[in-house]
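The values are calculated or read from the model by the stated rules, or taken from the named source; none is laboratory data. Every value quoted in this text rests on a predicted model; they were computed, and no experiment measured them. So basically every Cβ, Gly included, is an ideal-geometry build from the backbone, and we count neighbours across all protein chains shown. In case anyone asks, the SASA skips ligands and DNA or RNA and just uses the protein heavy atoms, side chains included. Shrake-Rupley method; radii C 1.70, N 1.55, O 1.52, S 1.80 Å.
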Protein chains: 2
Amino acid sequence: MVGVDFGTLSGRAVVVRVADGAELGSAVHEYAERVIEHTLPGTDVRLGPDWALQSPRDWLDVLRLAVPGALAAAGVAPEDVIGVGADFTACTVLPTAADGTPLCFETPEQPHAWPKLWKHHAAQPHADRINELAARRGESWLPRYGGKISSEWEFAKALQVLEEAPEVYARAERWIEAADWIVWQLSGVESRNICTAGYKGVFQDGSYPSEYFLTALNPDFSGFVGKLATGVVGDDVNGTTLAPLGGLAGRLTGRAAAWTGLPEGVAVAVGNVDAHVTAAAADAVRPGQMVAIMGTSTCHIMPSDRLAEVPGMCGVVRDGIVPGLWGYEAGQSAVGDIFAWYVDNFGADGHERLTELAERQAVGAHGLVALDWFGGNRSVLVDHDLSGVIVGQTLATRPEDVYRALIESTAYGARMIVETFERSGVPVEEFVVAGGLLKNRFLMQVYADVLRRPLSVIGSDQGPALGAALRAAVAAGAYPGIGEAAAAMGKRTRAAYVPDQARADAYDRLYAQYRELHDHFGDGRMLHTLRAIRNEAAK
Amino acid sequence: MVGVDFGTLSGRAVVVRVADGAELGSAVHEYAERVIEHTLPGTDVRLGPDWALQSPRDWLDVLRLAVPGALAAAGVAPEDVIGVGADFTACTVLPTAADGTPLCFETPEQPHAWPKLWKHHAAQPHADRINELAARRGESWLPRYGGKISSEWEFAKALQVLEEAPEVYARAERWIEAADWIVWQLSGVESRNICTAGYKGVFQDGSYPSEYFLTALNPDFSGFVGKLATGVVGDDVNGTTLAPLGGLAGRLTGRAAAWTGLPEGVAVAVGNVDAHVTAAAADAVRPGQMVAIMGTSTCHIMPSDRLAEVPGMCGVVRDGIVPGLWGYEAGQSAVGDIFAWYVDNFGADGHERLTELAERQAVGAHGLVALDWFGGNRSVLVDHDLSGVIVGQTLATRPEDVYRALIESTAYGARMIVETFERSGVPVEEFVVAGGLLKNRFLMQVYADVLRRPLSVIGSDQGPALGAALRAAVAAGAYPGIGEAAAAMGKRTRAAYVPDQARADAYDRLYAQYRELHDHFGDGRMLHTLRAIRNEAAK
């Protein structure tokens, strides 16, 4: 079984044993173009602020280089591989021709022809209009996204293309998630997975936003859903066919077999999102198991048997994590990014030394509390124009004090999310951690203490790739469903971190201060003003 | 004329020409013991938190070394010197025997026998009790100090000695400001200057706090004023004789002549405070001339012909800066200290580079606003338990952004003080800057823009020593009064920095945010809670 995880800076292939999920070998390919933020490759065309693009050639190179590399590292014969699955960052989305050819292959000098990476944030004005109109019209899908959709998502990005480069929009016969595009390249079959359609494509209760709605945004946007809708596998809902998670998208083509070194004809699983496949890799796909994938940012994924409107969630999608359950997603815009920013700019000592010094302190000894909004706030306020606040510094404050306060601030942010779910009637039974921040044991203990609950941790440091492989195992028929595959192949240690009562009590007092700051600055009055002043001054 | 300035870490002597204030030569002596904060010199007696002591031997060494050094540097014959004046940090205060011998010379192992430096903050509980009782009794002197006296002042420090070391208190026949003690050493005559008596000794309307008041604090405190009151020169007010500023304290003794190399019998001026003498050195002793001595902290000194209760001022004292006017004092607890703390801990680039980078920015381009309370807030909130706040940081925030925001925060703090004076009916006609921060031209321009007024600057970088020499010139009879001496010897450049209209307008918007933060956090609810949590955790 091969899982391929397409991240922000690189792609990783992992060879996994079907029986127990053992990771036999892996290989990474760093994207040559990484994130395209300033100038289009091979041109001198400059991009505006907040743009972020990627190159499909980099993605194909992962198939060509990382997959054979992983096979070689595993020492596994290609003929023993029965399937391949891929997960991707999302919403990473691109315009293509009807045959799947990316438009940027034809007009590389045209910025809007390139794939827009998830963190392309230049469509904020378009998202604002979508939200404003949806709120005014009382669109039933809006509460499913915590009351606001993101500028990162399919409709906002597409509307930006339409209005800024109508000729590109017109040529784009398809507007497709990279997760589905890469599966198309592997299988030769176009499919649309139910996960990105729901979380990023605003597909709810069997349909995309209505023609009326799209026309009201811009008359030329009316036919947009035609660029999304397609059908090959899976449920046909109101004429729009989407592919279920764990489904079989198709079989590996000869061309893709040549790229990857895998046998032609093996199963290719339906595409999926990196965060969402990780839940299965952690064997955490039952109701109430919240998986926090903690890296540069944190994504919270949780299946539940209940549908509720949770304030500030990123989305709730039926069958969005596993078939048969509601899938919730929430998020913290910046977590590891905050610590990296701090160390790069203010903490010459580096993460390890700062952690070592911070760890020696008693809870609250630094006298600080911070708001973790340095990258805005996704959940529970859905406001990317918020910014960070640090309170309580004195002339005795040391770099490790601030570092610790920043770590704690993200833990408070996580607690705010958990409490919001529970207050909304969606119980959080278990908090499961995956992702790169797992390696900081001090940070994990802070989370356990602040959350006042044991933390489970994933047993793999390649969670997304393992999750992708696990989906492939289901697609290949090795397991009847994701739940069974997760139980056999997923890895999770329960109660790896247990809260300390005294520290938890001490954190309660600090968390009360955090909540006060949250309420005070959360209205955005001051923070929006400062941002507006900043933006004007920067002109 | 020789002026001797006793600072926190060193003493400086300057030889000054009587006719025009030209500085002919100077010398500095660094104190061997600097600030005694941890262990008593020559012992292993450890001090508690917030203690800060000094050694009188260091002060005498300034007379022995810096004064002859300055004479030599100036190439001036000792017989051409007609007087000597000294200024000191305040409230720096010590217990002595009746002959002026410091008690620490007798019992060096006893912490309370040593001089308490101005920044000794361990008497806060005693200050709290004094303030609480004064407020309850409606003491008429309390509003003269902005509603609160400081833990740094004579009564709080003395009460601490009484209650923690009653045997030292009993042996202390005198409780005397270092400014007066050093004059005693020079002239052999004990005097008490009207400036420290008023600002630090709570002497108002002709008397110290009453016996009733002292007895209510602690029955054994009742006779305390007897350790202060004395009379040799100047006005006899209600039985307590104080020495006027610019007065003649006495004549140089043979012993002091031997120390300093000056001729026996030259005039010794009445002692005074470093900040207060600087006003004369800047030729800014007329009503409405506010002199800001900007260094590690900022002290604001302003004569006025009006008496008003200005919220949060440090004090208003009749004849406290120049005879015949009310003298106002206000302060910002930390200014240069904030920038030093930031660079030492968070800004590896150093002051010059950070200033260079910060200077390039348009006003508000960093998107930040900060509260300059990293060392508490003296004026206008009189609350040393407040702490700093930084608002608006994002992952794009750079070290120079924060550095600039910190500089601006102190300018906002200064504007808050100026506005508070004017709102209270005490006009500020001119803002005059002295002190070490003058050398940062960018910072000065920020102040001009934020304050929306031209800045005058002192023409000497040895303002206190020049001011002390100027007082000596008056004491020696070279001028009839401080005003005349200041006009001849003081140095000031008007409108050295002029506000830019556009920048001033931009700062108005940021200052509005500062005011909001000031009002929100100024109640201390959150900041006191954080400090209380910190102090408990540190135990």
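For the range B:1-41, give me each residue that is small (G, A, S), open to solvent by 30 Å² or more (accessible area, probe 1.4 Å) and within 21 Å of the chain's Cα centre (by Cα).
Correct list: B:S10 only.
State whether the residues of the range A:291-303 include one that is at pLDDT 95 or above and in a loop (DSSP other than H, G, I, E, B).
No; the residues of the range A:291-303 include none that is at pLDDT 95 or above and in a loop (DSSP other than H, G, I, E, B).
Being of a type in the set (D, E, K, R) and outside any helix (DSSP H, G or I) is the filter here, so list the residues in the range B:490-510 that pass it.
B:K491, B:R492, B:R494, B:D500
Hey, does the range A:342-357 have a residue that's open to solvent by 30 Å² or more (accessible area, probe 1.4 Å), assigned to a loop (DSSP other than H, G, I, E, B) and over 30 Å from A:A308 (Cα atoms)?
Yes, the range A:342-357 contains at least one residue that is open to solvent by 30 Å² or more (accessible area, probe 1.4 Å), assigned to a loop (DSSP other than H, G, I, E, B) and over 30 Å from A:A308 (Cα atoms).
What are the residue pairs meeting all of these: first residue in the range A:23-49, first residue closer than 20 Å to A:T107 by Cα, second residue among the basic types (K, R) and loosely packed, with under 12 Cβ neighbours inside 10 Å, Cβ atoms under 9 Å, and 6 or more apart or on different chains?
Close Cβ pairs (under 9 Å, with a partner that is among the basic types (K, R) and loosely packed, with under 12 Cβ neighbours inside 10 Å) amount to A:H38/A:R46; A:T39/A:R46; A:L40/A:R46.
Which of the numbered conditions does B:E167 fail, given that it passes all the others? Conditions: (1) open to solvent by 60 Å² or more (accessible area, probe 1.4 Å); (2) outside any helix (DSSP H, G or I); (3) of a type outside the set (G, A, S).
(2)
I'd like to verify a number: residues in the range A:516-539 that are more than 11 Å from chain B (Cβ to nearest Cβ), surrounded by fewer than 20 Cβ atoms within 10 Å (Cβ to Cβ) and assigned to a helix (DSSP H, G or I), how many?
Qualifying residue count, the range A:516-539: 1.
Output yes when any residue across the range A:436-446 is closer than 19 Å to B:I533 by Cα, over 21 Å from the mean Cα position of the chain (by Cα), within 14 Å of chain B (Cβ to nearest Cβ) and modelled with pLDDT of 95 or more, and no when none is.
Scanning the range A:436-446 turns up no residue that is closer than 19 Å to B:I533 by Cα, over 21 Å from the mean Cα position of the chain (by Cα), within 14 Å of chain B (Cβ to nearest Cβ) and modelled with pLDDT of 95 or more.
Within the range A:129-159, take every residue that is among the polar types (S, T, N, Q) and in a loop (DSSP other than H, G, I, E, B) and give me the one that is most open to solvent (accessible area, probe 1.4 Å).
Selected residue: A:S140.
Residue-by-condition table, conditions (1) open to solvent by 40 Å² or more (accessible area, probe 1.4 Å); (2) under 18 Å from A:A472 (Cβ atoms):
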{"position": "A:P49", "(1), (2)": "yes, no"}
{"position": "A:S55", "(1), (2)": "no, no"}
{"position": "A:D58", "(1), (2)": "no, no"}
{"position": "A:A66", "(1), (2)": "no, yes"}
{"position": "A:A72", "(1), (2)": "yes, no"}
{"position": "A:E79", "(1), (2)": "yes, yes"}
{"position": "A:G83", "(1), (2)": "no, yes"}
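Identify, from the list A:G75, A:G100, the residue that is at pLDDT 95 or above, in contact with a helix residue (DSSP H, G or I) (Cβ under 8 Å, 6 or more places away or on another chain), of a type outside the set (S, T, Y) and on the phi > 0 side of the Ramachandran plot.
Answer to the check: A:G100.
Write out, first by first residue and then by second, each pair whose Cβ atoms fall under 7 Å of each other, whose residues are 6+ apart or on separate chains, and whose first residue, in the range A:190-202, is on the phi > 0 side of the Ramachandran plot while the second is outside any loop (DSSP other than H, G, I, E, B).
Partner pairs satisfying both residue conditions: A:V202/A:F155.
Suppose we keep only residues that are buried (at least 24 other Cβ atoms within 10 Å of the Cβ) and either on the phi > 0 side of the Ramachandran plot or polar (S, T, N, Q) (or both) within the range A:371-390. Which one would you say is nearest to the other protein chains (Cβ to nearest Cβ)?
A:S387
Of the conditions (1) part of a helix (DSSP H, G or I); (2) within 14 Å of chain B (Cβ to nearest Cβ); (3) more than 14 Å from B:G367 (Cα to Cα), A:A487 satisfies every one except a single condition; which number is it?
Of everything listed in (1) part of a helix (DSSP H, G or I); (2) within 14 Å of chain B (Cβ to nearest Cβ); (3) more than 14 Å from B:G367 (Cα to Cα), A:A487 misses just condition (2).
Just to be sure I understand the filter: pairs with C-beta atoms under 9 Å, separated by 6 or more residues or on different chains, first member in the range B:136-160 and in contact (Cβ under 8 Å) with a residue 40 or more places away in the chain, second member open to solvent by 40 Å² or more (accessible area, probe 1.4 Å) and basic (K, R). Which pairs pass?
B:E152/B:K119; B:L159/B:R129
Of (1) at pLDDT 95 or above; (2) open to solvent by 30 Å² or more (accessible area, probe 1.4 Å); (3) part of a loop (DSSP other than H, G, I, E, B), A:P323 satisfies all except one. Which?
(1)
Hey, does the range B:396-408 have a residue that's of a type in the set (A, V, I, L, M, F, W, C), more than 10 Å from chain A (Cβ to nearest Cβ) and open to solvent by 10 Å² or more (accessible area, probe 1.4 Å)?
No: zero hits.
Can you tell me which of (1) within 14 Å of another protein chain (Cβ to nearest Cβ); (2) modelled with pLDDT of 95 or more; (3) open to solvent by less than 20 Å² (accessible area, probe 1.4 Å); (4) in contact with a helix residue (DSSP H, G or I) (Cβ under 7 Å, 6 or more places away or on another chain) is the one A:G315 doesn't meet?
Result: A:G315 passes all but (1).
Which one is surrounded by the most Cβ atoms within 10 Å (Cβ to Cβ), of the residues in the range A:358-367 that are in contact (Cβ under 8 Å) with a residue 40 or more places away in the chain and within 11 Å of chain B (Cβ to nearest Cβ)?
Here the residue is A:G364.
Kindly check whether there is at least one residue in the range A:259-274 that is touching a Ser or Thr at 6+ places or on another chain (Cβ under 9 Å) and either under 20 Å from A:G376 (Cβ atoms) or among the charged types (D, E, K, R) (or both).
Yes.
Using the structure shown, decide if A:R494 is touching a residue at least 40 places away in the same chain (Cβ under 8 Å) and within 14 Å of chain B (Cβ to nearest Cβ).
No: the conditions fail for A:R494.
Please go through the range A:326-341 and pick out each residue that is open to solvent by less than 30 Å² (accessible area, probe 1.4 Å) and part of a loop (DSSP other than H, G, I, E, B).
Result: A:A334, A:V335.
Determine, yes or no, whether B:A267 is of a type in the set (G, A, S), closer than 29 Å to B:D80 by Cβ and touching a Lys or Arg at 6+ places or on another chain (Cβ under 9 Å).
Against the criterion (of a type in the set (G, A, S), closer than 29 Å to B:D80 by Cβ and touching a Lys or Arg at 6+ places or on another chain (Cβ under 9 Å)), B:A267 qualifies.
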